[in-house]
1. Could you list which residues have their amide H under 5 Å from that of Val90, counting only those 5 or more apart in sequence or on another chain, with H placed in the peptide plane?
2. Please give me the summed charge of the neighbours of Val201: other residues whose Cβ is under 14 Å from its Cβ, Lys and Arg +1, Asp and Glu -1.
3. Hey, got the dipole for the chain? About the Cα centre, +1 on K and R Cβ, -1 on D and E Cβ, debye to the nearest 20?
4. In terms of modelled amide H atoms, which long-range or inter-chain residues lie less than 5 Å from the amide H of Gly133?
5. Helix-only estimate, please: 222 nm mean residue ellipticity of the chain, summing -39500 (n - 2.57) across DSSP H runs of length 4 or more and dividing by its residues, to the nearest 500.
6. Could you give each residue of segment 53-58 its phi-based ³J(HN,Hα) in whole Hz, using Karplus coefficients 6.51, -1.76, 1.60 with θ = phi - 60°, and x for Gly or Pro?
7. In debye, nearest 20, what is the charge dipole magnitude of segment 1-93 about its Cα centre with +1 on Lys and Arg Cβ and -1 on Asp and Glu Cβ, if you could check?
8. What are the ³J(HN,Hα) couplings of segment 133-141, residue after residue, when phi is run through the Karplus curve with 6.51, -1.76, 1.60 and θ = phi - 60°? Round to Hz, x for glycine and proline.
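Since every read-out is calculated from the coordinates, none of them should be taken as a lab result. Bear in mind that the values here come from a model prediction, so they are computed numbers and not experimental data. Cβ: placed from backbone, ideal geometry, glycine included. Neighbour counts: every protein chain shown.
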Amino acid sequence: MKNKSDQEIEVKFYIADLDLIQKKLIQLDASLLQDRCFESNLRFDMPNNTLQKQRHVLRLRKDTQNILTFKGAAEEGKMVSVRQEIEVVVDDFETMRHILESLGYLVVMEYEKYRTTYRYENCLVVLDELPYGTFIEIEGPEGNSIQDVAQKLNLRWETRVTTSYVYLFDILKKTHPEFEDKNLTFSVFSSVKIMPDELKVHPADFPKF
């Protein structure tokens, strides 16, 4: 859900039991917009990591569509993540990749997830299954709407995560050197069980710790 200035306004929560959260959404009569689907992402940068240094993201995603996304740096001091996001649907994934690589961009990372998307009130609520854990993202027009939906899902607001999935992977690499130079894919994590404290997060659906 984007506002008129192409802003992405969202917050994440680490979730211990995603099935229970989905049942709660159904009880609340949330609308299912997209059933569970696999998502593959390629993140691009220049050889000197220009985009990373500016905290910008250039991503090509494939799920039910092919989508090219630019994200700006997140604004500081906000209760939720607020950043510019510009997206466009492209016809051909490999052709778009070829265009970017011809312009000098390199694929610096691949990452995967399964995503289920609901609409509840004026927000999008997505259930994400990452190789290292399960999350909810709530995206809406402003922070108060997002907080209201989080409360109705019985999520503890103080556990919210305003960083990206890639940033969480970078945290993980500090204690798991075997992930260095690896992609955030299910095959890489097939024999590894990651605990929330390793990601520096707390389950939002658990009682207070």
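1. Answer set, sorted by chain and number: Asn66, Ile67, Leu68.
2. With Lys, Arg at +1 and Asp, Glu at -1, the neighbours total -3.
3. In debye, rounded to 20, the chain gives about 380.
4. none
5. -6000 deg cm²/dmol, from helical runs alone.
6. For segment 53-58, the Karplus-derived couplings read 5, 8, 6, 9, 10, 10 Hz, x marking Gly and Pro.
7. The calculated dipole for segment 1-93 is roughly 280 debye.
8. Once θ is set to phi - 60°, the couplings for segment 133-141 become x, 10, 9, 10, 10, 10, 10, x, x Hz.
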